Amino acid sequence: MITPTAYRDALSQIDAPNSFAAARQAALNAFLKTGLPESRQEDWRYISLDHLERMPLHAPEDGLGILPALEDYPGALLAYLDDRLVWQDTSLPPRVLDTLENAIGDGIPAWAAESFGSLAGTASLTQLNAALWREGACLRVPAGERLRQPVFLRFAAAEADVMLYPRVFVHMAVGADAILVEHFLGDPSIEYWQNPVAEIVLEAGARLTHLRIIEDSNLATHTGLSAVHLARDSSYRALNLTLSGQVARHELNLALAEAGAEARLDGVFIAAGRSRTEQHLRIAHQAPHGKSRTHYCGLADGRGRGVFDARVEVQAHADGNDAQQTSRNLLLSPHAEIDAKPQLEIYADDVKCSHSATVGSLDENALFYLRSRGIDGEHARHLLMQAFIDEALGLLDDTGLRDWLMPRLLAGMPRVQSLEP
Amino acid sequence: MLQIHNLHVNVAGNDILNGIDLNVRPGEVHAIMGPNGSGKSTLAQVLAGRDGYEITAGSVHYLDQDLLPLTPEERARAGIFLAFQYPLEIPGVANVQLLRTALNSLRRARGEAEMDAIDFLEFVKDKLMLLGMDDSFLFRSVNEGFSGGEKKRNEILQMAVLEPQLAILDETDSGLDIDALHVVAQGVNSLRNAAHAIILVTHYQRLLNYIVPDQVHVLAGGRIVRSGGRELALELEQKGYAWLEDKASQADNAADLMEARL
């Protein structure tokens, strides 16, 4: 196993203000006590992190990574390389967009006091992130303001065997409105581990559209957490895309904490080759008249394996809630596997809840139809796959990011050859 | 153009076609009629290259090449088009995407330049008009939520865009009201010329009032039991198919008797 030394060394390299040093040390101790999650834990039953124990994981060494050419990001951009902010292109003032380190300074400010560090919970990987994050990103949208451009956070890995702990804090004040894109990627030839945490607070009437894209190296491990808190009449819309990675896991914990909160959670995950991908959603309806819609599409090819595990919980007295879950999955090879586990736990009386899960293969009749029009089999399969995931991509039109994202999405699809735009 | 010789086809252990012979020359329109279960649709599917049909004997040549080894897309690129009896709905694929992708696949195969989106829209407009369809059809998902008549018109639109040399229409007339039938027939007739051939598979002779065939063949029990001109279709309309089935089974009985004697 990885000796605790690797983690202790990583912590010793972090130059945190004294006020936080103790908290970081405590978080590390908590992690070391439990260690990496094990497969006997229900939520970790399908994927193993044992390979991390065998890797020479270490904190990034400053200045070793080389910044790969930056793609075009149509909005404000903070670009991180091995957990260091290396590039920014934004006209937003620092009080709106800055590193988390700068934003919180020497002590946790009032606007973050209630949620910072607590929203994400105390799971062992979250503790590890709390101990070892560096720089990070903080987005604070003031009351009533609407950001005209999307905000992009690009977290890239460049050094082999690094462990990275991106940390994001988002505070949407009353009635604020923004689009946030988190983009995770890395050098395709190296192994590394990204273990990011995002805490997102929406005050009353705030609206956030959140795209989260895992486009990591196919040798990489990604274990990410998003924790979202929704106050009265706020709205959180998310599109979670998992396009690559040897092991890619995303956990989304959402609390509809006050009346009238709304969430729409869309996702596409792709497991090709021998990769493993998992989507864990926990949606807690804690107050009356909340609404959540979940629509995830999974594609598995080769010996890929995907897991969709979503639990909606409607708490007692949370009447008038409406929760719908849809999980649609497509297997493209006889050795691929997808496990869909939609779950509802309802403790209130007056609710409207539904869930459905399907696992199927490409429709042979539709394939023949396309081929009979002269479209070759490969291209026809591709068109049908695209059509299959399209239902989950509505937010791309709402955010105007379809043109930016589709090439990445298509590149991540199994067995891509040439495609027409 | 198309020569079918002694074609035998088996589907899941059942002999469906039992020795079809058919010659189609450029410019000709052939109607293939017959009762349900006679093998009409099987013949259409086999020509388009669908999987799951076992050719147990015989041959099919198209433009002097052996058609049977070709994949469905190779056949399409060689100029064969099948208008489906039950067109598929493909949610999420826009009609225009299918049409342009298909046309460009054919153009690439012919060594022609691909058509860009703007030129294509211009090109497809006339075809839409011909079939009485408005632009909105282009941007809807393929056949999704289309009425029966709209689906059939959409098949003919695809045909008009791809301009096949040999079009096979599998019961395109079924489920059409008289106005839609008229529109579809007009679309088909507009493609009729000395270089193109058409095979109409149909149960009723109604369509043949609008698309006048050069030859009519009657299929029963997996064989062509009679061939003739336009008047054969009218005769069928009067007499129905029952007398043909009697004839087919008589032929079978006679054959059995012969075998028994030998």
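Values quoted throughout were computed directly from the atomic coordinates according to the rules given, and no laboratory measurement underlies them. Owing to the predicted nature of the structure, the values given are computational and were not obtained by experimental measurement. Note: ideal-geometry Cβ built from the backbone for every residue, glycine included; neighbour counts use all protein chains shown.
Points 7 angstrom from Cα along the Cβ direction at B:S174 and A:S333: gap in nanometres?
In this crude label model, B:S174 to A:S333 measures out at 3.9 nm.
Between A:Y347 and B:I118, what is the FRET efficiency for a Förster distance of 45 Å, r being their Cβ-Cβ separation, to the nearest 0.05?
Result of the calculation: an efficiency of 0.20.
How would chain B be classified by its alpha-carbon gyration tensor: rounded, prolate or oblate, with rounded meaning a/c under 1.5 and the a/b versus b/c comparison settling the rest?
Working: a/c = 2.10, a/b = 1.63, b/c = 1.29.
The shape class here is prolate.
Round to the nearest 10 and give me the degree value, 0 to 90, for the angle of helix B:95-109's Cα axis relative to the longest principal axis of chain B.
Between the helix axis and the principal axis of chain B, the angle is about 80 degrees.
With an 8 Å Cα cut-off and a minimum separation of 6 or more residues, compute the relative contact order for the stretch A:4-369 in percent. All intermediate terms of the calculation are to be shown ahead of the outcome.
On the way: 1023 pairs, mean separation 36.9, N = 366.
Rounded, it is 10 percent for the stretch A:4-369.
Using only Cα atoms, find the angle between the long axis of helix B:148-162 and the longest principal axis of chain B, and express it within 0 to 90 degrees, rounded to the nearest 10.
So the helix axis and the longest Cα principal axis differ by about 80 degrees.
Return the whole-Å distance between the Cα centroid of the stretch A:291-339 and the Cα centroid of the stretch B:108-146.
What the calculation gives is 36 Å, centre to centre.
Between B:G222, B:G187, B:G132, find the one with the highest GNM mean-square fluctuation for chain B; connect C-alpha pairs within less than 10 Å.
Among B:G222, B:G187, B:G132, the largest GNM mean-square fluctuation belongs to B:G132.
Quick one: which residues, 5+ away or cross-chain, put their amide H under 5 Å from the amide H of A:L330? H built at 1.01 Å from N.
A:G298, A:L299, A:A300, A:G360
Could you compute the FRET efficiency for A:Q13 and A:E38, with r as their C-beta to C-beta distance and R0 at 25 Å, rounded to 0.05?
On the way: r = 28 Å, r/R0 = 1.11.
E between A:Q13 and A:E38, to the nearest 0.05, is 0.35.
Under the √(5λ) rule applied to the eigenvalues of the Cα gyration tensor, what semi-axes describe the equivalent ellipsoid of the protein assembly as shown? Give them in Å, descending. Intermediate results must be reported in sequence, preceding the final value.
On the way: eigenvalues 763, 125, 111 Å².
Gyration-tensor ellipsoid for the protein assembly as shown: 62, 25, 24 Å.
May I ask for the distance between the Cα centers of the stretch A:364-418 and the stretch A:34-112, given as a whole number of Å?
Result: 31 Å between the Cα centres.
Using Cβ contacts closer than 10 Å as the measure, can you line up B:K239, A:K291 from fewest to most? Kindly include the intermediate steps, with their values, before the conclusion.
Working: B:K239 10, A:K291 18.
Lowest to highest Cβ neighbour count: B:K239, A:K291.
Take the alpha carbon gyration tensor of the stretch B:34-103, find the square roots of its eigenvalues, order them as a ≥ b ≥ c, and report rounded if a/c is under 1.5; if not, report prolate when a/b exceeds b/c, else oblate. Working shown, then result.
Working: a/c = 2.46, a/b = 1.37, b/c = 1.79.
Verdict is oblate for the stretch B:34-103.
What FRET efficiency, computed as 1/(1 + (r/R0)^6) with R0 = 25 Å and r the Cβ-Cβ distance, is obtained for B:Q186 and B:D214, rounded to the nearest 0.05?
Numbers: r = 19 Å, r/R0 = 0.75.
According to the calculation, E is roughly 0.85.
How many angstrom lie between the C-alpha centres of the stretch A:260-281 and the stretch A:149-213?
15
Shielding by partners for A:375-388, please: the mean number of other protein chain Cβ atoms within 10 Å of each residue's Cβ.
Details: counts 10, 9, 3, 1, 3, 7, 0, 0, 7, 3, 1, 3, 8, 3.
What the average comes to for A:375-388 is 4.
Counting only DSSP beta bridges with both residues in the protein assembly as shown, what percent are antiparallel, rounded to the nearest 5? Present the calculation step by step, with values, prior to reporting the outcome.
Values: 31 of 180 bridges.
Here the antiparallel bridges make up roughly 15 percent for the protein assembly as shown.
Among B:I199, B:I178, A:I47, B:I90, which comes first, second and so on when ranked by fewest other beta-carbon atoms within 10 Å?
On the way: B:I199 25, B:I178 8, A:I47 19, B:I90 22.
Lowest to highest Cβ neighbour count: B:I178, A:I47, B:I90, B:I199.
Output wanted: per-residue J couplings in Hz (rounded whole) for the stretch B:119-132, from phi through Karplus 6.51 cos²θ - 1.76 cosθ + 1.60, θ = phi - 60°, x for Gly and Pro.
For the stretch B:119-132, the Karplus curve yields 4, 5, 4, 4, 4, 7, 4, 4, 5, 4, 4, 3, 9, x Hz.
Under 23 Å between C-alpha atoms is the cut-off here; go through the protein assembly as shown and count lysine pairs that meet it, provided they're at least eight residues apart or on different chains.
Here the count comes out as 12.
Of B:D170, B:D64, A:D177, how do they rank once you tally other Cβ atoms within 10 Å and put the fewest first?
Details: B:D170 23, B:D64 7, A:D177 17.
In order of increasing Cβ crowding within 10 Å: B:D64, A:D177, B:D170.
Going by alpha carbons, how many degrees (0 to 90, nearest 10) lie between the helix axis of B:242-261 and the longest principal axis of chain B?
Helix B:242-261 and the main axis of chain B meet at about 50 degrees.
Convert each backbone phi in the stretch A:23-31 into a coupling constant with the Karplus relation 6.51 cos²θ - 1.76 cosθ + 1.60 (shift: θ = phi - 60°), then list the ³J(HN,Hα) values in order as whole Hz, x for Gly and Pro.
3J(HN,Hα) across the stretch A:23-31, in whole Hz: 5, 5, 4, 5, 5, 5, 4, 4, 5.
Going by a ≥ b ≥ c, the root eigenvalues of the Cα gyration tensor, does the stretch B:117-212 fall in the rounded group (a/c under 1.5), the prolate group (a/b larger than b/c) or the oblate group?
Details: a/c = 2.00, a/b = 1.28, b/c = 1.57.
The shape class here is oblate.
Take every DSSP beta bridge whose two residues both sit in the stretch B:2-261, then give the antiparallel share in percent to the nearest 5. List each step's numbers first, then the result.
Details: 24 of 42 bridges.
The answer is about 55 percent antiparallel.
Can you run phi through the Karplus equation (6.51, -1.76, 1.60; θ = phi - 60°) for the stretch B:4-19 and list ³J(HN,Hα) in whole Hz, with x for Gly and Pro?
Residue by residue, the stretch B:4-19 yields 9, 10, 6, 6, 10, 9, 10, 10, 6, x, 10, 6, 9, 10, 10, x Hz.
Taking the Cα atoms of the stretch A:4-369 alone, what are Rg (to one decimal) and Dmax (as a whole number) in Å?
Values for the stretch A:4-369 (Cα only, Rg and Dmax): 20.1, 67 Å.
Net charge within 10 Å of A:G260 by Cβ-Cβ distance, Lys/Arg positive one each and Asp/Glu negative one each, not counting A:G260 itself?
Working: positive: A:R232, A:K291; negative: A:D233, A:E258, A:E262.
Taking every Cβ under 10 Å from that of A:G260, the sum is -1.
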